[in-house]
Amino acid sequence: MSARHLISIDDVDRAGIERILDRAESFAEVSGREIKKVPALRGRTIVNLFYEASTRTSSSFELAAKRLSADVVSVRSVGSSVDKGESLKDTIQTLSAYDPAAIVIRSPHVGAARLVAGWCDAAVINAGDGKHEHPTQALLDVYTLRRALGSLDGVSIWIVGDVLHSRVARSNILAFKRMGAEVTVTGPPTLIPRGIEALGCAVQPTIERLGEADVVYVLRMQHERMRESFIPSLREYAACYQISTTRLAPRQLLMHPGPVNRGIELSADAIDSPQALIGEQVKAGVAVRMAVLYELLAGTPALAAVA
Ligand code: NCD
């Protein structure tokens, strides 16, 4: 059976990722036209269900669905019946009445997207489940890097910061490795999960050897997921790990998934430097999410079947 969902980067092999990126290239061309719409998903319904704060992911999924001519319903937990105590399962059942072709879900709970896939007939796309995974972010980051470098084969990528609470780190390590890159993670020891090497990355305790990186991928300090103090102070964190232009070589590329805590994990000069791809990442979001929706709903499936 063909694949129906995108829950984890593990659902898609290298050939599948490349197909999605190639398709995203052609959708990027559509986004450059005056009329930014193709009829690929005309008459299909897509539900965006966001139980957590989001600017880029929710707006780009909405635009992606609209540019494919789908009918889109966007539901946020605030202001919906979730506020009144409706459970996730009941909400999915309610929204299933509209017979959606796809449900895009962001939730603070690990495993939420997988649960939703078991409760409905729609294709389910994980737009972030707690600190677990965020596969479309990884795909748009691979797309951005492929455009900048041609290929990720043999490229050294350092992921810096709060790896422990980051679903982006998990999905990106898997995707970067799958595309042939070498991945190293670094950050305060309390923010590096034990056993992370099992994902195929190296661990460095400090940024002393950051010069070895071709790409420096900086993560946000995820205050909302911290129930205790993981670092002595933000000042101390910034002193040891903040990425500024003085800590970057001019040949190194800089990435961040956004939103940025300006002056904490990144200095203002680094954000605004020409080596930063942060704006490119946001731009890639629409084309890559169009490609994912197309692949699941209209294309020859590139995704492996999810159990
Ligand atoms: C990320 C997320 O929500 O996981 N943001 C995003 O989707 N662009 C990263 C973050 O919140 O730090």
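Please get the size of the charge dipole for region 6-91, origin at its Cα centre, with Cβ charges of +1 on Lys and Arg and -1 on Asp and Glu, quoted in debye to the nearest 20.
Using only the charged Cβ atoms, the result is roughly 380 debye.
Summarising the label geometry, the points placed 7 Å from Cα in the beta-carbon direction at SER81 and ARG209 lie 5.5 nm from one another.
Grab the Cα-Cα distance for ARG42 and ASP90, subtract it from 0.36 nm times how many residues apart they are, and report the gain in nm with one decimal.
Fully extending the segment from ARG42 to ASP90 adds 14.5 nm.
Our estimate of slack between HIS109 and GLU18, defined as 0.36 nm per intervening residue step minus the Cα-Cα distance, is 29.8 nm. Long hydrophobic helices in the chain: none of the complete DSSP H runs spans 24 Å or more by Cα along its own axis with mean Kyte-Doolittle hydropathy of at least 1.0. Here the accessible area of region 136-281 is 52 percent carbon and sulfur, with a 1.4 angstrom probe and all protein chains present. The antiparallel fraction among DSSP beta bridges confined to the chain stands at about 5%.
Taking 30 Å as the limit for the C-alpha separation, the pairs LYS37/LYS84; LYS84/LYS283; LYS36/LYS84; LYS66/LYS131; LYS36/LYS89 exceed it in the case of LYS37/LYS84; LYS84/LYS283; LYS36/LYS84; LYS36/LYS89. Relative to its Kirkwood radius, the Cα radius of gyration of region 136-281 gives an Rg/Rh of 0.92. Between SER31 and ASP269, the simple label model (points 7 Å from Cα in the Cβ direction) yields a spacing of 3.1 nm. Using C-alpha pairs below 8 Å separated by at least 6 residues, the relative contact order for the chain is 24 percent.
Here is how the number arises for the chain: DSSP H runs of 4 or more residues each give -39500 (n - 2.57), the sum is divided by the residue count, and the result at 222 nm is -10500 deg cm²/dmol. Here the dipole of region 211-307 is about 160 debye; that uses its Cα centre as origin and unit charges on the Cβ of Lys and Arg (positive) and Asp and Glu (negative). The residues of region 136-281 present an accessible area of 41 Å² per residue when probed at 1.4 Å with all protein chains retained.
Report note on the peptides 46-53, 254-261: ranked by the mean count of other C-beta atoms within 10 Å, highest first, their order is 46-53, 254-261. Evaluated with a Cβ-only charge set (Lys, Arg +1; Asp, Glu -1), region 128-258 carries a dipole of roughly 160 debye about its Cα centre, given to the nearest 20. Entry note, region 97-227: relative contact order of 22 percent, from Cα contacts under 8 Å with a spacing of 6+ residues.
Normalising the average separation of contacting C-alpha pairs (under 8 angstrom, six or more residues apart) by the number of residues puts the relative contact order of region 65-156 at 18 percent.
Estimated from the Cβ-Cβ distance and a Förster radius of 35 angstrom, the FRET efficiency linking THR246 and ARG194 is about 0.65.
Solvent exposure of region 73-127 amounts to 49 Å² per residue of accessible area, where only protein heavy atoms count and the probe is 1.4 Å. Overall dimensions of the chain, expressed as equivalent-ellipsoid semi-axes from the Cα gyration tensor (√(5λ), whole Å, largest first), are 32, 22, 18.
The values are calculated or read from the model by the stated rules, or taken from the named source; none is laboratory data. In this text, all values refer to a predicted model and were calculated from it rather than measured experimentally. Note: ideal-geometry Cβ built from the backbone for every residue, glycine included; neighbour counts use all protein chains shown. Surface accessibility is based on the protein's heavy atoms, side chains included, excluding ligands, DNA and RNA. Shrake-Rupley method; radii C 1.70, N 1.55, O 1.52, S 1.80 Å.
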